[in-house]
Amino acid sequence: MVLYKVYSQEYRIRYLAHPCSTAILFQISCLFLTFLPPLFTSYFTNGFYYKELTYSEQANVSFLEKYNLIIDSLSSLRFSSSDTRLNNYFSSSYYPSTLKTYIPGDINGDDIADQQKITLNIILPESISDKIINLWLIFQYSLNRYPLINMETLGLISLKAPSSLLANSTVNVYGQLRFHQREPILSYINDSSIQGSIIDFGTYSLVPSFDDILDRYNSRNYFTTFDQQYVQWSSSSLSSSTDSFIRLTINVVVNTGPQLYRYVPNFWKEFRWTWIQYFTSLLPFFYVANKFKEFVFSNGLVRTIVRKSP
């Protein structure tokens, strides 16, 4: 009958047993009781892998000096854009506008711009009282730590002009540009759905649909919104009575502070510290099991054949 070594002591004493013996069953039981308890403890406390992580980062945000200004009412549409193609599309509703100033600022001194001050001027032939104003500001948004993202994003500002406005009007808008994500960012894959411009002229044969553009943008996995925090309107009469045009000045302050981002780590990041915890907790189990087996075999509590080496 074949004999198997089930235990050895000090490299001189060997304990042998038949395959279907109590010594073999005892050794298998000790094996399970040594390795499984720390395994279950580590798994049910923290798990073995990071499926999703979060981290804080100050994103690099810059205004691309691209904007669309839509003043809408029940009777007419007034449009102005930094894109000449859009101005040509809406030539019948176009009114001239200019980007007067764009000043990025670093408030917390970390050498990353976290505030954008933007001023727009537009000249209109009539008052904008009770009109709806939609301003699209287009930014370049990038993350540079664990996940790498570089995409064009939108800050949509929606305002309603008060009824008491005079000829020269100014509106000051303060808000936060916030990042939204429908799923964690894959740190090892470039997402093609966020590449390219927000307004893709190749998908439109004639005039772009703004509703369709917004629907496509808001259905992306990653996008930004402008959280409006404060709005102040002011107006004054025209300085010259012969000037029949209405001037609207829009001052926007866009803050972009640090945010929490969800991402899926790569393989080495997934190999979390629980494995270290497992091997650490395995050591006392291994020590106790060896002492227990030494006691059982040396005292003959299970039937074995003892052989001593010279």
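The values are calculated or read from the model by the stated rules, or taken from the named source; none is laboratory data. Owing to the predicted nature of the structure, the values given are computational and were not obtained by experimental measurement. Positions of Cβ are backbone-derived with ideal geometry, glycine not excepted, and every protein chain shown enters the neighbour counts.
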- Would you confirm whether any residue within segment 42-62 is without any contact (Cβ under 8 Å) to a residue 40 or more places away in the chain and touching a strand residue (DSSP E or B) at 6+ places or on another chain (Cβ under 6 Å)? no
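I'd like the full set of residues that are basic (Lys, Arg) and in a helix (DSSP H, G or I), limited to segment 288-310. Before the answer, list the steps.
Of the residues in segment 288-310, the ones basic (Lys, Arg) are 291, 293, 303, 307-308.
Across segment 288-310, the qualifying residues are LYS291, LYS293.
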- Message: Quick check on my filter: what residues within segment 123-157 are assigned to a strand (DSSP E or B) and surrounded by fewer than 19 Cβ atoms within 10 Å (Cβ to Cβ)?
- Response: ILE123, ILE132, ASN134, GLN140, SER142, ASN144, LEU148, ASN150, GLU152, LEU156
- Output yes when any residue across segment 188-210 is modelled with pLDDT of 90 or more and either within 18 Å of the chain's Cα centre (by Cα) or surrounded by 14 or more Cβ atoms within 10 Å (Cβ to Cβ) (or both), and no when none is. no
- Query: Can you name every residue in segment 60-93 that is hydroxyl-bearing (Ser, Thr, Tyr) and surrounded by fewer than 14 Cβ atoms within 10 Å (Cβ to Cβ)?
  - Reply: SER73, SER75, SER76, THR84, SER91, SER92
- Filtered residues of segment 94-119 (kept if part of a strand (DSSP E or B), among the aliphatic types (A, V, I, L, M) and surrounded by 14 or more Cβ atoms within 10 Å (Cβ to Cβ)): LEU99, ILE118
- Of all residues in segment 112-164, count the ones that are touching a Pro at 6+ places or on another chain (Cβ under 9 Å), polar (S, T, N, Q) and free of Cβ contacts under 8 Å to residues at least 60 places away in the same chain. 1
